[in-house]
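Shown next, in structure tokens, is the structure this report addresses.
The values are calculated or read from the model by the stated rules, or taken from the named source; none is laboratory data. Given the structure is predicted, the values throughout are model-derived calculations rather than measurements. Backbone-built Cβ (ideal geometry, glycine too); neighbour counts: all protein chains shown. What goes into the accessible areas is simple: the full protein's heavy atoms, side chains included, and nothing from ligands, DNA or RNA. Shrake-Rupley method; radii C 1.70, N 1.55, O 1.52, S 1.80 Å.
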Amino acid sequence: FLLTGVAAAAPDDADHRASLVDGLYERGMYDMVVAESEDFLAEYAGHPRSEVIRYRLASALFELDRKDEAIEHFEFLGERPGFSYRAEASLRLGQCELEAGRLNRAYKALERVLELDADYLEVPATFLMAEVDFQRGRFEEAEPRYRSVLKSDPEGDFGLDAASSLAWCAYRLGKYDKAVEYANTI
């Protein structure tokens, strides 16, 4: 009877600690999220919320600009069929890989975002894919992606950057009249 009571307390503790991680994340206490998440994953690796806690850990590392550490977690989660934040993890992975200059890996992660049912991430994923193309010097591929971003959400988070990059693509492609036209819309 005593062992049954102890076993019943463990899931309550795990649920409580998972809620603590969520609360810390929502309050922007990322250093504490990292510490609590790592402890949680070490102690409750098989818990039903372990993937969400890993996502919180990766996201906190991302926010702390420790992206190299976040990559392994985003990569793991992006490959988990059925994980509810799989598309988000793949987008963040793409951002991390792009920043690290690993363009092929970034592109692969961003392609996954577009393959998943996450329409609300289409604009940022398309913008980041255009950035990969631009860094590769593939201005012909980048140009229509930037136009797509501008068409979808001209006033959004990526609108100004897409417009600027579109002007640069036109310039790099020798379309000087178009480059001036795009630049005048900024």
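Accessible area of the chain with a 1.4 Å probe: how many percent of it is carbon plus sulfur? Present the calculation step by step, with values, prior to reporting the outcome.
Details: 5160 of 10460 Å².
Roughly 49 percent, rounded to a whole number.
Go ahead and collect, in residue order, the members of segment 45-80 whose backbone nitrogen is under 13 Å from a label point 7 Å along the Cα-Cβ direction of Gln135.
Backbone N within reach: 68.
Within segment 131-154, list the residues whose amide N lies under 17 Å from a label point set 7 Å along Cα→Cβ of Lys175.
131, 133-135, 137-152
If you average the alpha carbon positions of segment 29-50 and of segment 55-79, how far apart do those two centres end up, in angstrom?
13 Å
Any chance you could run the full-extension gain for Ser164 through Lys108? It's 0.36 nm times the residue separation minus the Cα-Cα distance, nm to one decimal.
Details: separation 56, 0.36 × 56 = 20.16 nm, distance 2.47 nm.
Extending this stretch completely gives an extra 17.7 nm.
Leaving out ligands and nucleic acids, and using a 1.4 Å probe, what accessible area per residue does segment 127-186 come to in Å²? Mind showing how you got there, number by number?
Numbers: 3550 Å² over 60 residues.
In whole numbers, segment 127-186 has 59 Å² accessible per residue.
How large is ³J(HN,Hα), in whole Hz, for each residue of segment 178-186 in order, when computed from phi with the Karplus curve 6.51 cos²θ - 1.76 cosθ + 1.60 and θ = phi - 60°, using x for Gly and Pro?
Whole-Hz 3J(HN,Hα) from phi for segment 178-186: 5, 4, 5, 4, 5, 5, 6, 8, 7.
Which net charge results for the neighbourhood of Gln95, defined as the other residues with beta-carbon distances under 10 angstrom from its beta-carbon, given Lys and Arg at +1 and Asp and Glu at -1?
Neighbourhood net charge equals -1.
Which value, in Å², gives the accessible area per residue of segment 50-114 when a 1.4 Å probe is used on the protein heavy atoms? Please report the intermediate quantities before stating the final value.
Numbers: 2890 Å² over 65 residues.
Solvent-accessible surface per residue comes out at 44 Å².
May I ask you to evaluate 6.51 cos²θ - 1.76 cosθ + 1.60, the Karplus curve with θ = phi - 60°, for each residue of segment 117-130 and list the ³J(HN,Hα) values in order in whole Hz, giving x for glycine and proline?
Per-residue couplings from phi come out as 7, 9, 4, 5, 9, 4, 5, x, 5, 5, 4, 5, 5, 5 Hz.
From the phi angles alone, apply the Karplus equation (6.51, -1.76, 1.60; θ = phi - 60°) to segment 165-176 and give each ³J(HN,Hα) in whole Hz, x where the residue is Gly or Pro.
Values, residue by residue: 5, 5, 4, 5, 4, 4, 4, 5, 8, x, 8, 5 Hz.
Given a cut-off of under 8 Å on Cα pairs at least six residues apart, what relative contact order in percent is computed for the chain?
Details: 222 pairs, mean separation 18.9, N = 186.
Computed value for the chain: 10 percent relative contact order.
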